[in-house]
Amino acid sequence: MTASATNEVRQAQDEVVEEFAFFDDWMDRYQYLIDMGRKLPEFPEADRTEANKIRGCQSQVWFVAEREDGRLSFRAISDAAIVSGLIALLLRIYSGRKPQDILDTPPDFVAALELEQHLSPTRSNGLSSMLQAIRNFAAEALEAA
């Protein structure tokens, strides 16, 4: 494990936390999240399968992981605006990273952004489910390597 590689995930988390610090109240943060979600790339209908669904989310979430050159890239979409924003946040932090770095770096941004205090319990559970899925994909990628 190299310090600079782990810093990619940490650095992405720090950048997100800094961005959110610009907003004084949570209504602005929610709007920013929704705007981020609207910018997600198109998600093919063919990938909206039962096998790609994340369990534990109140809304529908489809999540696909792909390995390339020792890194994981993620694509995902939800039928809910706030959840799509959370997906955009997760993709920004974790997509394109090495599996070991994902596993070695705790998701400190969740506490730093106070997401669990400001999301409904079901949205918070969904976020936890998506984070767990990312960690599972990373663990599977390491095992396969």
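Take the Cα of GLU140, step 7 Å toward its Cβ, do the same at GLN58, and the gap between the two points is 2.7 nm.
Determine, for THR105, THR122, the number of other Cβ atoms within 10 Å of each Cβ, and report the residues in order from fewest to most.
If I rank by nearby Cβ atoms, fewest first, I get THR122, THR105.
One chain, two ends: ARG92 and ARG71. Fully extended at 0.36 nm per residue, the span grows by 6.2 nm beyond their Cα-Cα distance.
Between the DSSP loop rule and a limit of at most 12 other Cβ atoms within 10 Å, which chymotrypsin sites (Phe, Trp or Tyr not before Pro) in the stretch 19-94 are left? Listed in order of number, the matching sites are PHE22. The label-point distance for GLN11 and ASP108, in a model that sets each label 7 Å from Cα toward Cβ, rounds to 1.6 nm. Every Cα-Cα pair in the stretch 3-144 was counted, and those over 21 Å apart are 39% of them.
Bear in mind that the values in this text are calculations on the coordinates, not laboratory data. Everything numeric in this text was worked out from a predicted model, so none of it was measured. Cβ coordinates were reconstructed from backbone atoms using ideal geometry, including for glycine residues, and neighbour counts include every protein chain displayed.
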